[in-house]
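Reviewing the structure listed below.
Bear in mind that the values in this text are calculations on the coordinates, not laboratory data. Predicted model, so just to flag it, every value in this text is computed and none were measured. Cβ atoms come from the backbone with ideal geometry, glycine included; neighbour counts cover every protein chain shown.
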Amino acid sequence: DGRTLVTVPTTSSFHLDGMRWSNSTNLDMAIPPGYFIGPSAAADRHPLYGAVPTFASVIMDEAALGGVVYSAKPGDEVRFRDDLRMWRASVLVLASHQRNAEALRATVSQFLGQPRGVDDVWIWEVEP
């Protein structure tokens, strides 16, 4: 149906689970598009390596790298869910072995509620 599996944190050159999982299914599992090396819209004109950052990807990256739970502010849930719609997200998946998994789980749970634990992953289902 064209919907995607979104890894937590999102797939990037630092977080490769999404690319590995998609590859292991012969690309039958879709992940959000947009990963590339190209020009940036930034005024400093440095190249962009990866997908264009979004609100959701940035706060998940910060939780993954720093281990600090994002503190949601009014309007953040709308921004988070807008990113999920743009990605056509069906499900978000967090591997329990992911560095700073607890900070990531708490960060995403602020927007999607508590995840369901299955084997060694946490899963948030996203309504279309």
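A few comments on the model shown:
- R0 of 25 Å, Cβ-Cβ distance ARG99-SER71: FRET efficiency to nearest 0.05: 0.80
- Annotation: extensible slack from VAL58 through ARG116 equals 18.6 nm (criterion: 0.36 nm per residue apart, minus Cα-Cα distance).
- Average Cα contact separation per residue, segment 55-128, under 8 Å, 6 or more apart, as relative contact order %: 37 percent
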